[in-house]
Amino acid sequence: MSSGGGAGLYLHVPFCSAVCPYCDFAVVPADASRSARYVQALLTELALLGEEELSFDTIYFGGGTPSALSRADLESILAAARRSLAVEDDAWLALEANPEDVDAAALEGWRGLGVNMLSLGVQSFQAEELRFLGRRHSAAEGERAVREALTAGFDIVSVDLIFGLPGQEPENLRDSIRRLAELDPQHVSCYQLTVHEGTPFHRRRQQGRLLELGESSQGELFELVHSELEAAGYSAYEVSNFAKTEDARSLHNQKYWDHSSYLGAGLAAHSFSGRRRWWNEPDLERYCSRLERGERPLAGGEELDSSELALEAVMLGLRRSRGLDLDRLRADYGLNLLERNAAIIESYVEDGLAVVDGRLRLTPRGLAVADAVVRSLDLDPA
Amino acid sequence: MEHIRNFCIIAHIDHGKSTLADRLIQACGAVDDRKFRDQILDSMDIERERGITIKSNTVTLEYTAADGEVYQLNLIDTPGHVDFSHEVRRSLMSCEGALLLVDASQGVEAQTVANLYLAMEYELELVPVINKIDLPAADIDRVSEEIDADLGLDPFEAIQCSAKNNIGIDGVLEAIVERLPSPGGDPEAPLKALVFDAQYDKYRGVVMLVRVEDGVIRKGQSIRLMYTEADHVVEEVGYLKLEKVATGTLETGSVGYVIAGIKTIQDINIGDTMTETERPAKEPIPGYREAKPVVYSSIYPMSSEDYGDLTKALDKLKLNDAALTFTKVSSAALGFGFRCGFLGLLHLDIVQERLEREFGMSLLLSAPTVQYDVTLTNGEEVVVDNPSFFPDAGDVERVEEPYIKASIMIPEKFLGAVMELCREQRGEKTQFDYLAVGRVEVTSEMPLAEVLFDFYDRLKTVTRGYGSFDYDALDYRATDIVKVDIMVNKERVDALSQLVHREKARSRAMHYCDKLSSTIPKHQFKIPIQGTIGGTIIARKTINAFRKDVTAKCYGGDITRKRKLLEKQKKGKQKMKMVGSVEIPQEAFIAVLKTEKEK
């Protein structure tokens, strides 16, 4: 398996059997003919790519629900990627799956594709919460999927949980985490429920039909997630990501956080290389029809200047348990962060939000307010 | 002289005063219809928008009455708000009569009554006018009863009109001619004219608005301003007919303008008496009050880069506002600003609003303060109008604060509540007199500082708006003043320091702590907010740290979005004042100053 020094390839599969009311990803309800058309378009997009200078050592099938695609579709997508791009033979491969799609045949198929990390959208082990979230599997089904995936022998089985639901009792969250810990997957992603504009949850909130969990309760749950998972042997390597060992971390996702190059193919997928970030058409019809005309489906892009890159570096670096490489920040952007922000960083250290040891790292309590910490820092180069 | 009528319109806000003025101006053909705009006398944006008159304006109209004679009608537009009672008084002094305007659907309101008292004080002849009679909700019978019962005027003498739809305007004009007296005065006596207002003209300098009591003003004449003790030569004299019309003379009893080579508004005093240098009048017109600042507050630009703009804006404002004073100050928390002196709280309000409106400034103001006379233990005497310069408690031998004699006119039924209010405001020698059946005047000697905070609002509340209030300065009296400091996250915010009577120190400090703790947003650390006297904590509040502020997901597409959001938030932060590492929004400074009334 690759060591992770190369670029990452993200492949988006936008279909879901039903769209969850909180989801703001580029997602559409599954439909056989649409799905076939999309796969064709994605194959065309991959054929049009040719970033010769990049060598790819991770591939990530995200969605949507990649597990909704057949093994044959997945295989032809991978083959198309390998035809156009320099994908290392032993590239690390991840795939997102919904518990209801997990069965012996599917698992075998994914194993056969060479999937290293299988990421399961379990979200909760509480029946009530699953209903609220509009998920289509039961708590028992979630448990079964994790157990079977673990038995199937993937390097990493990852379980997604969502917390911070309106009215969520800490006890229920604790129970979900304990049930998860008993299953003992190698990796956990634990996201706070975020109500994005344009989602059914957002409309319900605007109509006053969806309460919001108070900021202080959210903080309490965030701390609970971190302490419970810590106790179960997981260490947080990012705000929302936990792994049993260093090897169990998501090799692909870490590229997003250190400005490594990544290429995204598929609906609304984002790419980044050097100082440039660009993204694909988010509308399914336009995405497909542009590719059918043999056109690349780009929707926009940006060239980042040094101050934007520095802000991203700080914002992304502080989300990670390893923290911010202060020397690199100075070397790359001429920014002496400690000197410019001596008083406030000292107060963060005193308050137990941060640690300075050559790097600037946030403690779990600091991670909970990482955005505010970034806002408080003066990032102008000296 | 018998063809002159000097009058004003007094009304509750919204009862249609400016509209009636508009119609009278149009009916007399003073402006052609194409050039006409609504609220033609209100020249400031704030006036048009709020629908109130802040600065009085004057217009001379020529009206050919039913008797075939041409009359000179001088409409002196008074500020409609009783808070401007100084200006109202000066305007009333220039009139012989007033139209008392009542809305046919609203009836007699608090302001109507308060203004009536003022008009009666100046012995003006009153003509009640019922306006908006064509409104569906108009109830002329009820309003007539109220005019009788609440105002003590004869409702059968009321003129009915609708200024908006130009109904009954002739009746109003005829009543002005028939029922209001012409001015008195002696054309042969030495000149005596009241300078009741002044404007600044970029090209001509100061334009004084005057009402001639005795004698005549002529172009080329040497005049003397009696209080200012300065002589000037009249360059131009004439009537204000929306534009200045030079006439060469201004006769006894008339109202007009005088330009006399005066360069800045600071060189004259509004309310001064103009006489002739050669043959001065023996006595000035009584009732003059020097416009002296009594309230001080520091004004800071929200962003320190705007200090230069603030300097320019104040310089310009001063051209038109004689009473405004300012000197440079600097605050550790807020940077450079100006310590400004105002005639009163409303003056402060208006200056602030004009700076914000007309000059686009974003401002912070410190708590208003009066001037204290402080005697130090070493015998030295100092005047303090800025909490920052208040000496250490150990060096203070004695402090005196200005007292005023408050005069409050109210309907009798509010007597108890108003007496209680005076007691709460540290009022002494509170007395009351019956002015007429059902009308009472309460007088009380109280510290001016008490009036600064919430007196107006509380008076309005307890009298449901039916109280009118005015005051005269008394003397300075010994007091027990302490300096209350406000600490945010253990750093003193000098702009929030204030001088308070010891008895009220704790509640004032608590109020500040409450307001700050509810307006300063949570930070990622706990923020103690404390009120202290000489380092001793007398009030305390804590803003808890927020515990959660981080984006859950941050992958490919989220990064750009997240960065842009952070960039925007960082920009927003520049509009905050930083005290140490605490961001204090402008609202916090405004909230502590404005909202004691909410209690």
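The values are calculated or read from the model by the stated rules, or taken from the named source; none is laboratory data. Computed from a predicted model, the values in this text were never measured in an experiment. With ideal geometry, Cβ positions are generated from the backbone for all residues, glycine too; neighbour counts draw on all protein chains shown. Ligands, DNA and RNA are stripped out before the accessible areas are found, and what is left, the full protein with its side chains, is counted by its heavy atoms. Shrake-Rupley method; radii C 1.70, N 1.55, O 1.52, S 1.80 Å.
A few remarks follow.
- Whichever residue in region A:338-358 is more than 12 Å from every other protein chain (Cβ to nearest Cβ) and modelled with pLDDT under 95 and, among such residues, is most open to solvent (accessible area, probe 1.4 Å): A:GLU339
- Every condition in (1) out of contact with any strand residue (DSSP E or B) (no Cβ under 6 Å at 6 or more places or on another chain); (2) over 30 Å from A:ARG203 (Cβ atoms); (3) of a type in the set (S, T, N, Q) is met by A:SER17 except one, and the failing one is (2).
- When the test is whether a residue is more than 15 Å from A:GLY266 (Cα to Cα) and either touching a residue at least 12 places away in the same chain (Cβ under 8 Å) or of a type outside the set (Asp, Glu) (or both), A:VAL39 does not pass it.
- Counting the residues of region A:299-356 that are over 21 Å from A:ARG276 (Cα atoms) and touching a strand residue (DSSP E or B) at 6+ places or on another chain (Cβ under 8 Å) gives 17.
Residues checked against (1) under 16 Å from A:ILE59 (Cβ atoms); (2) touching a residue at least 24 places away in the same chain (Cβ under 8 Å):
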{"residue": "A:ASP258", "(1), (2)": "no, yes"}
{"residue": "A:TYR262", "(1), (2)": "yes, yes"}
{"residue": "A:LEU267", "(1), (2)": "no, yes"}
{"residue": "A:GLY274", "(1), (2)": "no, no"}
{"residue": "A:PRO282", "(1), (2)": "no, yes"}
{"residue": "A:GLU285", "(1), (2)": "no, no"}
{"residue": "A:CYS288", "(1), (2)": "no, yes"}
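- Unique match (being without any contact (Cβ under 8 Å) to a residue 24 or more places away in the chain, over 20 Å from the mean Cα position of the chain (by Cα) and either surrounded by 23 or more Cβ atoms within 10 Å (Cβ to Cβ) or assigned by TED's automatic domain parsing to the domain that holds A:SER250 (or both)) among A:ARG203, A:ARG179, A:ARG174: A:ARG203
- Residue match in region A:122-129 (condition: under 16 Å from A:ALA248 (Cβ atoms), out of contact with any Gly (no Cβ under 8 Å at 6 or more places or on another chain) and assigned to a helix (DSSP H, G or I)): no
- Test: residue in region A:308-315 that is under 23 Å from B:TYR555 (Cβ atoms), away from chain B (no Cβ under 14 Å) and modelled with pLDDT of 95 or more: no
- Once region B:540-570 is narrowed to residues that are open to solvent by 30 Å² or more (accessible area, probe 1.4 Å) and assigned to a strand (DSSP E or B), the residue that is nearest to the other protein chains (Cβ to nearest Cβ) is B:THR542.
- Whichever residue in region B:505-539 is in contact with a strand residue (DSSP E or B) (Cβ under 8 Å, 6 or more places away or on another chain) and among the small types (Gly, Ala, Ser) and, among such residues, is farthest from the other protein chains (Cβ to nearest Cβ): B:ALA505
- Selection count, region A:361-378, where residues are open to solvent by 10 Å² or more (accessible area, probe 1.4 Å) and more than 8 Å from chain B (Cβ to nearest Cβ): 5
So that you can scan it fast, the table gives a plain yes or no per residue for (1) open to solvent by 10 Å² or more (accessible area, probe 1.4 Å); (2) without any contact (Cβ under 8 Å) to a residue 24 or more places away in the chain; (3) of a type in the set (Val, Ile, Thr):
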| site | (1), (2), (3) |
| --- | --- |
| B:GLU491 | yes, no, no |
| B:SER497 | no, no, no |
| B:ARG506 | yes, no, no |
| B:ALA509 | no, no, no |
| B:CYS513 | no, no, no |
| B:SER517 | yes, no, no |
| B:THR536 | yes, yes, yes |
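- Residue check for B:PHE432: modelled with pLDDT of 85 or more, open to solvent by 50 Å² or more (accessible area, probe 1.4 Å) and over 24 Å from B:VAL294 (Cβ atoms): yes
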